[in-house]
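This report refers to the structure that appears directly beneath it.
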Amino acid sequence: MSDDLLERLGRENPVPERMPALPIGSILDRIDDPPTAAHAHFGTAERTNGGGAGGRSERPAWRPRRLGLLAPVIGVAATVGVVAVVILASGAHHAARRAGPRLAGASGAQVPSPSSLLPAHGGMRGLLLGASVVGSGSTLRVSFVQCTNCVTTTPPDARELNWAATSTDRGRHWQTERERTGLLTSGLALPENHDVWQLGYAPHAGDPGFYVSHNSGRTYRPVRAPSHSGFEPVTLGHGEAWTLGVRCPHYQCRSTVLHGPAADDTLSQTPTQPPGMPTHRAPIALVVAGYGDRAYVSEGAQRRLYITNDNGQSWNQTAYPCPARAVIRNLSPTGDDAVWIACQAPLETRHGRSSRTEQNSPVTIRRSEDVGRHWQTPDPSFHRTIALVGVSARVAWAESLTGVVQRTTNGGRSWQTVLRGAGRSPSLDIESSTTATVVASATTGTTAHTRRTELVAYRTTDGGTHWTHTLIHLPTG
Amino acid sequence: MDSRARFEAMYRTHGGAVRGFVHRRVRAAVGDDVVADVFVIAWRRMEEAPSDELPWLLGIARGVLANRRRGEARQNALHDRLAASALPTTEQEPDVFDRESALMQALGSLNRLDQEVLLLVAWDGLDRAQAGAVLGITSGLFSVRLHRARRRLRRALTAQQDPIEQQAGDRSKMEAFR
């Protein structure tokens, strides 16, 4: 009676012909980790936190067969759970409205907070300042300053010591040691050749400059570079180092773009400089980021963005991509022709303190797939982003001031929260589209003498679905 | 063949079919995201993949689509609760059965399982065994369900075209029971 019915139904098929598959690269972007092996635990002191964005955790093999009798109970529990989720989501939504624009994707792995992991009698004396993590290959390095007798600022009798914690097995074990050179390693960077190579900033060693270590930080030697009174942190990409130097002869400052092969221990001025580089001592939102021969230099006061594709032989100005009153805060070029930027209103200082309004101003993330010629605003609903790292045209990571880490795998059309609970302003290092490390600190004690601090490293190798955590175990002295 | 090579071969063979399956059921703007999700899950479960991979992949796709529908239903319910607030509205998933054809209207009046049974054959071109594997049932059971779904579709179509006659038919059936 009814094969004719199926034939008629077939004629209503909205996609009757065979569709071509998507480029496989768009799928492999998301699955750079091996199946299941990515969830292997590290060491014995670690636990895995499942249930990340998308909830793609492995289903236990026993579940389909043994669920039968438990189904009604689970059904009731699930209903209660759904009601609770709706109520919580409602509360969270109102809280989000009070705080500002929403964070995309309200799920994400809730990791144990750093303070809950603090051992009863462990931790390093004092406060830890400026902990930052960088990784390359199997090596991770955290640099931080131990500040004893510190309260919230740095009083005259405070004592600062520079430390570095290094892991050479992807975060499983850590070794902490004093930075023997006294380098203040802001602008820490590791190149891609798996050699531990570090750029540091030495404020007490005469002229500030960059220093490089080829032996895990045991000894340093200065990077050959034109004399400057200040530098911006280096960006390393595809074997090339890019940075900015500031020189102030005769009360007139000048910023210059510096560049060199990462393996050469040398930085030199590019053959030409972008026109109209600022002459202020503290230029507004002057940012440089490079990847290989290509680099971007943005300047906020005049709202200019320059691009070089030939190691600084020539510079082309392109339209400034940020909305009115906002400037480029983060600039992250990727290996293809893509570049990601985060725009935010500049901080305005009043009596030496940043305006809360400006700090809280929303962030607009923009992306270009064609070296800055055209820009898209994939998702404007960001808030207080402090780090944005593009991995490819489709994959990027962003971190907010509150320590929430988000990730997109579709060019920014949607963002998923992949980590929350690591405390405020943890340090984020992105190694690939699926691998990231977050280092956060926890402090106990209320006075300068009783205060103890510990570092916790959270690491994912599957794009944030699962996170492991490791206590770095700082010396107690 | 290692997992990676097998996955890539599977993607080359079935990527288009899975994409077509998904795009027949959701709007184009989100279809490719769903396809990507399907293959991410497939990658994680490669060890479970049977030799006939297409029904297995389509089964995963059904799960992803169902999750998506449930998520949207929850979101819509939340929207209703927060009607006074300024939560941004999500774009409603257009129902493929909203089209004007009487046949599609009749199909839309069936339950979701009947719809799926019919579409796996009529749109996705699967045979009974494959379609049964997508739904996790035997080919024999699938044949029974297909037979019943066709009968319900025929009845719904008839009711739509001649509702008075259908009501009369229903009345005569009821009288026959008395």
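The values are calculated or read from the model by the stated rules, or taken from the named source; none is laboratory data. In this text, all values refer to a predicted model and were calculated from it rather than measured experimentally. With ideal geometry, Cβ positions are generated from the backbone for all residues, glycine too; neighbour counts draw on all protein chains shown. What goes into the accessible areas is simple: the full protein's heavy atoms, side chains included, and nothing from ligands, DNA or RNA. Shrake-Rupley method; radii C 1.70, N 1.55, O 1.52, S 1.80 Å.
Could you grab me the full set of residues in segment A:324-349 that are hydrophobic (A, V, I, L, M, F, W, C) and either open to solvent by 30 Å² or more (accessible area, probe 1.4 Å) or in a strand (DSSP E or B) (or both)?
The answer is A:Ala324, A:Val327, A:Ile328, A:Leu331, A:Val339, A:Trp340, A:Ile341, A:Ala342, A:Cys343, A:Leu347.
Inside segment A:275-297, can you point out the residues that are modelled with pLDDT of 90 or more and out of contact with any His (no Cβ under 8 Å at 6 or more places or on another chain)?
A:Arg294, A:Tyr296, A:Val297
Which ones in segment B:144-157 are more than 10 Å from chain A (Cβ to nearest Cβ) and either open to solvent by 50 Å² or more (accessible area, probe 1.4 Å) or closer than 14 Å to B:Pro55 by Cβ (or both)?
Once the filter is applied, which keeps residues that are more than 10 Å from chain A (Cβ to nearest Cβ) and either open to solvent by 50 Å² or more (accessible area, probe 1.4 Å) or closer than 14 Å to B:Pro55 by Cβ (or both), segment B:144-157 yields B:Val144, B:Arg145, B:Arg148, B:Arg152, B:Arg155.
Among the residues of segment B:1-36, count how many are more than 21 Å from B:Leu118 (Cα to Cα), facing chain A (nearest Cβ under 7 Å), under 20 Å from the mean Cα position of the chain (by Cα) and open to solvent by 20 Å² or more (accessible area, probe 1.4 Å).
Summing the residues that are more than 21 Å from B:Leu118 (Cα to Cα), facing chain A (nearest Cβ under 7 Å), under 20 Å from the mean Cα position of the chain (by Cα) and open to solvent by 20 Å² or more (accessible area, probe 1.4 Å) in segment B:1-36 gives 2.
Return the residues of segment A:437-457 that are part of a strand (DSSP E or B) and out of contact with any helix residue (DSSP H, G or I) (no Cβ under 9 Å at 6 or more places or on another chain); say none if nothing qualifies.
A:Thr437, A:Val438, A:Val439, A:Arg452, A:Thr453, A:Ala457
So if I check each of A:Pro278, A:Pro321, A:Pro271, which one is touching a Phe, Trp or Tyr at 6+ places or on another chain (Cβ under 6 Å) and either crowded, with 16+ Cβ neighbours inside 10 Å or not hydroxyl-bearing (Ser, Thr, Tyr) (or both)?
A:Pro321
What single numbered condition from (1) free of Cβ contacts under 8 Å to residues at least 60 places away in the same chain; (2) outside any helix (DSSP H, G or I); (3) not hydroxyl-bearing (Ser, Thr, Tyr) fails to hold for B:Glu116?
Evaluating B:Glu116 over (1) free of Cβ contacts under 8 Å to residues at least 60 places away in the same chain; (2) outside any helix (DSSP H, G or I); (3) not hydroxyl-bearing (Ser, Thr, Tyr) leaves (2) as the failure.
Across segment B:104-141, which residue is nearest to B:Pro50 (Cα to Cα) among those that are small (Gly, Ala, Ser) and touching a Gly at 6+ places or on another chain (Cβ under 6 Å)?
For segment B:104-141, the residue satisfying everything is B:Ser139.
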